[in-house]
Number of protein chains: 2
Amino acid sequence: MTSTSLPTTARPDTDVGVMAAHLRVNVTRLARLLRRLGDTGLSPSQISALTSIERHGPLTLGALADHERVAPPSVTKVVAKLEELGLVERKANAADRRVAHVSVTPAGADLLADVRQRKDVWLATRIGDLDDDQRHRLAAALDVIDALTAHDPTVAGR
Amino acid sequence: MTSTSLPTTARPDTDVGVMAAHLRVNVTRLARLLRRLGDTGLSPSQISALTSIERHGPLTLGALADHERVAPPSVTKVVAKLEELGLVERKANAADRRVAHVSVTPAGADLLADVRQRKDVWLATRIGDLDDDQRHRLAAALDVIDALTAHDPTVAGR
DNA sequence: TATTGTTATACTCTATAACTATA
DNA sequence: TATAGTTATAGAGTATAACAATA
């Protein structure tokens, strides 16, 4: 199921099989480099939870567990740690006192912004090192990479 | 350090800061989707070790520990597990009997090939869903993404 | 009785320290 | 003595099961 078996286009530079393999390798490598730049001292589950809390606003612990696809006891511990670090805060629900809502503190938002900026600075430098032709071709393709991940039926939630 | 502070190009679609943030978001999301497709039942360290062993040929356990940036006892356990699963095999060094070399078995190579093919099929489908213009713009940019990760001075090893 | 979240406990993964066997 | 790898032990992280508080 590679270039020989896909009867779409004869030219190798638009053969979807060849393009897929090429894109997979490049995207995986670039993502790995970016991930390495994102070190914060937080564990993967902690940084992931913090990101979810920021993106999806105040969340109950149960909702956070669903977002993170993780068991309730795990979020209890992760949130306790993030709270201890001052990155998130809990607010009791007045109407139903079983429920707690967590949201990101300014310190938590700063941490996430710092990580993103570090990655963007690195990427901007790499992009700045490209020649004009390369930079224009990259600019012209950014929305296509958008399109590849948009409306994915296999990943409805999250 | 975003679009307003980088005095490179006035047009937003080639502003390196804007491009960097856009690319970061898209690459991260696409990589996450691909990673989710790569589930094998192996732990992250196991799949990573298997990949390193395949790529860098027969490796001593010490060399594998260096590649994986992991402590020696960890590779002992990871390799023992991969060997038990029939995915790698050990070969004693005849000249120095302290040393063991690990390499990928056909079953291990098959497993890695299957994972890659699963990802490539998914990506090829997404690319096939693009219109001709999008597909050509993506094809024209693939080597640029190559260029972004090539010769990275900050990641000399590995 | 049902639901939200916590505590108790166990398992996996990885680390450091101590050890075995070769050189 | 030095090196390659293993075994012993400990610390994170996450899971299931049992529990407490509230509805």
Review point. Would you list A:Arg118, A:Arg137, B:Arg36 from fewest to most Cβ contacts within 10 Å?
Key: B:Arg36, A:Arg118, A:Arg137
Study note, to complete from the structure: Taking Cα atoms, the helix B:106-128 axis meets the longest principal axis of chain B at an angle in degrees (rounded to 10) of 10
Exercise for review: Obtain the nm distance between the two label points defined at A:Glu84 and A:Ala150 by a simple spin-label model: each point lies 7 Å from its Cα along the Cα-to-C-beta direction.
Suggested key: 4.4
Review point. Given the convex hull over the Cα atoms of the protein assembly as shown, what projected area results after averaging over all orientations, in nm²?
Key: 20.4
Point to revise | Label point distance in nm, A:Arg97-B:Thr76, each placed 7 Å from Cα along Cα→Cβ | key: 5.4
Check your understanding: In peptide B:127-133, what is the residue-averaged number of other protein chain Cβ atoms found within 10 Å of each Cβ?
Key -> 5
Practice item. Could you grab the relative contact order for chain A? Cα pairs under 8 Å, six or more apart, rounded to a whole percent. Key: 18
Point to revise | Per-residue mean of C-beta atoms belonging to partner chains within 10 Å, peptide B:30-40 | key: 4
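Run the count for the protein assembly as shown, please: Lys pairs, Cα-Cα under 26 angstrom, 8 or more apart or on different chains.
7
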Review point. What angle do you read, to the nearest 10 degrees and between 0 and 90, between the alpha-carbon axis of helix B:132-149 and the longest principal axis of chain B?
Key: 60
Practice item. Every other copy gets compared here: list the nm distances from the A:Pro73 label point (7 Å along Cα to Cβ) to its counterparts, shortest first, one decimal. Key: 2.4
**Study point:** Shortest-first distances to equivalent copies, position A:Asp146, nm, label 7 Å out along Cβ
**Key:** 2.7
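Based on DSSP H runs of at least 4 residues, each adding -39500 (n - 2.57), what is the mean residue ellipticity at 222 nm of chain B after dividing by all its residues, to the nearest 500 deg cm²/dmol?
-20000 deg cm²/dmol
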Review point. Separation between the B:Asp143 and A:Arg55 pseudo-spin-labels, each 7 Å from Cα along Cα→Cβ, expressed in nm?
Key: 3.4
Point to revise | Proximal charge balance of A:Ala109 [Cβ under 14 Å; K/R count +1, D/E count -1] | key: -2
Point to revise | Degrees, to the nearest 10: A:44-55 long Cα axis against longest axis of chain A | key: 80
Review point. Based on the Cα gyration tensor of chain B, what are the three equivalent ellipsoid semi-axes, each the root of five times an eigenvalue, rounded to whole Å and given largest first?
Key: 39, 21, 13
Review point. Applying the Karplus parametrisation 6.51 cos²θ - 1.76 cosθ + 1.60 with θ = phi - 60° to the phi angles of region B:67-81, what ³J(HN,Hα) value in whole Hz is obtained for each residue in order, glycine and proline being reported as x?
Key: 4, 7, 6, 9, 6, x, x, 5, 5, 3, 6, 4, 5, 4, 5
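Rule-based calculations on the coordinates, nothing more; no lab input. Predicted, not measured: the structure shown is a model, and the values here were computed from it. Every residue, glycine among them, receives a Cβ derived from its backbone with ideal geometry; neighbour counts consider all protein chains shown.
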